[in-house]
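Below is one structure; the comments refer to it alone.
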Amino acid sequence: MSALVALTIVGPLVGAALGLALRRNSQLRDIAALLGIGSAAVGSFALLSQVSANGTTVVRVGGWAPELGIILVADLFAVLVLPIALAIIFVVEIFAIGQRRTAWGANPELAGPLLGILTSGVSLAMLTGDLFTLFVAFELILVSSYVLLTHQGQAAQIQAGMTYVVMNLFASTLFLFGLGFIYAATGTVNIALVAERIHDLPDGVRLGLGSWFLIVFGTKAAIFPLFSWLPDSYPTAPTTITAVFAGLLTKIGIYAMIRLHTLTSMEELGPVMLVIAGATMIIGAIGALAQSDVKRILSFHIISQVGYMLMGLALFSEAGLTGAILFLVHHMPVKTVLFLVGGLIANAEGSSRLRYTGGLAKRSPLIAALFAIPALSLAGIPPFSGFVAKLAVIRAGIEANSTPIVVAALIAGVLTLLSMAKIWLGVFWGPSVDRSDHNHPVSGPPGNRRTMYAATSLAVAGTLAISVMAGPLFDLSERAGAGLRSPSAYIEAVNP
Amino acid sequence: MSAALVLTIGGLTTVGIYLITARSLSRIILGFSLISHAAVLGLLTAGGSPGPAPIVSGEAVTANPVPQALALTAIVISFGLSLFLLALAGRQHTLTGDDLVEDDIEDRAIAGLPQGENR
């Protein structure tokens, strides 16, 4: 069991190191990167089956006591989200291998190893049991994301990268301040011990710490009003990189928020978070409607969707958390797929701007089908996975009698559908106009195109599998949500 | 916890945040270094009262080593990131001859669109 936990963190790092060492040999390099990420993904699925059968696993790295050492906790919430996240990175790496010989692709010598480092950071962030390791994991993810975003060194990327880096650095520094505050108040950075001791603190200090971390994780998760960096920076990176960022990075912020705020029982912050959640949903959806580029529309959707997860958390009920977890599980693959399809569109049309595209459905029905399924899922149309997730969140809202947030969620859903229709009209229908002065379609060798289509189809199949498996997934989410609502089990497991 | 340390943290944070709100990346880098110093000092103060070194001094009551270990990690990370920011500023300087953080071009383009033009 502890070997599995270690594998998900160390495996991708080893793969990344091998990939860097073998960077001159493109085939060995790709195999090393795929093996590293793949082994972690397989390990995390094994971990899921183990933990759902035998309960939470705790690994004390080096055998230190919880106050002193690093602790890794594989509870149901962690191992439910982790396999999905790692599987996504794996699929994206396959897509990247297909795309890298085209002009839109990332630099292959760097992208594979950096994705490995990012994977390791994601595993560490989800499995860690103490806040300082969470900080280190965030830095691991962010540093690799900084390099992935800017490594091509083009003007637009550097410019967008600056906003992204400065904003995230500022949030990281606030995180560090927060760690100081937590340590001063409770004498530990271990999440379980913090959860135990935080109730002895005066209310002001306790809620102050909660709000501080709401801002820290909120910046990473791009909630209202801290989202402005996201639509600036995401669309400029190569498709594969944007797809990973879109699927994972903001979700890690939400994940950390769910973890910390439920374990420390910050119910009093619930109303504030509900208002933020509503604003995030609506403003993200309206922002998406105003854009005229596929990647930018999708970037604004990330913001809107984060609102739903925050809503599930803010209700502080078992049903709400179940919804939030289910939404997390559904959203990560769907969002990634949409960005991958955005990459396919850009490859086929030479641009992702709606003005310069049109009539793609006739020329490439496969891309249209690959777009339609996740798009309808994102908008929450049955029978796709988005419907189940949205239903769970909205039902939790109705159960908690919070009518305004339910109305906001429904309005945001309609707006999302509207902006998906906008992409559909702009890219897939209408006349295919000759814009050869603007567009430079990149076809690349047919083998690469097959790899890209295969990876995207695999991911679409994954999202369909999630809607087929909605029943068991819902049960697992419910158990994970119940585990989060009663922190005593988590505390007991870490510090018996 | 000494008043001098607390005042230093406050001063560093104030100046740091003022610098971060600037448009030029070189100022932002300076500001970032200052507030990360403040954060590290904050971690250090969180460890409680100063004392002799643990283990080597042989005393029973020592300074708390845990926040110092955390601070050390944080210093290394912020050092690396400062270098990365400098490299970014350098690249921006070669590309544009300046190191200003610019407006989002796409945003401005959409805001400037005439009514009904947005497709």
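The values are calculated or read from the model by the stated rules, or taken from the named source; none is laboratory data. It should be emphasised that the depicted structure is a prediction, and the values quoted were computed from it without experimental measurement. When we count neighbours, we look across all protein chains shown, and the Cβ atoms used for this are built from the backbone with ideal geometry, even at glycine. These accessible areas exclude ligands, DNA and RNA; they are computed on the full protein's heavy atoms, side chains included. Shrake-Rupley method; radii C 1.70, N 1.55, O 1.52, S 1.80 Å.
If you wrap chain A in the convex hull of its Cα atoms and look at it from every side, the mean projected area works out to 20.9 nm². Using only the alpha-carbon atoms, how far is helix A:446-468 inclined from the longest principal axis of chain A? Give it as 0 to 90 degrees, nearest 10. It works out to around 40 degrees. Our compactness index for region B:3-111, the C-alpha radius of gyration over the empirical 2.2 N^0.38 Å, is 1.46.
Taking the Cα atoms only, what angle lies between the long axis of helix A:250-263 and the longest principal axis of chain A, rounded to 10 degrees? Tilt relative to chain A: about 20 degrees.
Just name one of B:ILE75, A:TRP64, A:VAL14: the one whose Cα is farthest towards the positive end of the charge dipole of the protein assembly as shown (beta-carbon charges, Lys/Arg +1, Asp/Glu -1). The Cα lying farthest towards the positive end belongs to A:VAL14.
Summary value for region B:3-111: 25 percent relative contact order, contacts being C-alpha pairs under 8 angstrom separated by 6+ residues.
Summing Lys and Arg as +1 and Asp and Glu as -1 over all other residues whose Cβ lies under 15 Å from the Cβ of A:VAL59 gives a net charge of -1. Of the residues A:ALA314, A:SER123, A:ASN190, the one whose Cα sits farthest towards the positive end of the charge dipole of the protein assembly as shown is A:SER123 (charges of +1 on Lys and Arg Cβ, -1 on Asp and Glu Cβ, taken about the Cα centre). Overall, the protein assembly as shown carries a charge dipole of about 1500 debye about its Cα centre when +1 sits on the Cβ of Lys and Arg and -1 on the Cβ of Asp and Glu, all other atoms neutral.
Max-minus-min Cα coordinates of region A:1-131 on each principal axis give 48, 27, 22 Å, with the largest extent listed first. Buried accessible surface for the B/A pair, both sides summed and rounded to the nearest 100, is 3400 Å² with a 1.4 Å probe. The accessible-area ordering, largest first, of the residues A:VAL427, B:VAL61 stands as B:VAL61, A:VAL427, per a 1.4 angstrom probe. Dipole orientation for the protein assembly as shown: of the candidates B:THR45, A:SER144, A:GLY358, A:GLY358 has the Cα lying most toward the positive pole (charges on Cβ; Lys, Arg +1; Asp, Glu -1).
Per-residue SASA remark: A:GLU67, around 80 Å² accessible (1.4 Å probe; ligands, DNA and RNA not included).
Counting only lysines at least 8 places from A:LYS362 when in the same chain, those with an alpha carbon closer than 18 Å to its own are A:LYS422. Around the amide H of B:LEU100, modelled in the peptide plane, lie the amide H atoms of B:LEU25, all under 5 Å away and 5 or more residues distant in sequence or on another chain. Summing +1 for each Lys or Arg and -1 for each Asp or Glu among the other residues whose beta-carbon sits under 13 angstrom from that of A:PHE132 gives -3. Taking amide H atoms as placed 1.01 Å from N in the peptide plane, the amide H of A:THR128 lies under 5 Å from those of A:VAL73, each 5 or more residues away in sequence or on another chain. For A:ASN190, the residues whose modelled amide H falls within less than 5 Å of its own, excluding neighbours fewer than 5 places apart on the same chain, are A:LEU131. The mean sequence separation of alpha-carbon pairs under 8 Å and at least six residues apart, normalised by the residue count of chain A, gives a relative contact order of 17 percent. In chain A, the longest principal axis of the Cα atoms and the axis of helix A:108-127 are about 30 degrees apart. In percent, rounded to a whole number, the relative contact order of region A:347-496 is 37, using alpha-carbon pairs under 8 Å and six or more apart. Charge dipole of region B:3-111 (Cα centre as origin; +1 on each Lys and Arg Cβ, -1 on each Asp and Glu Cβ, all else neutral): 300 debye, rounded to the nearest 20. Largest to smallest in accessible area, the residues A:THR56, A:THR173, A:THR163 fall in the order A:THR56, A:THR163, A:THR173 (1.4 Å probe, all protein chains included). Cross-link partners of A:LYS251 among lysines, defined as those whose alpha carbon lies under 21 angstrom from its own and excluding same-chain residues fewer than eight positions apart: A:LYS220, A:LYS295, A:LYS335, A:LYS390.
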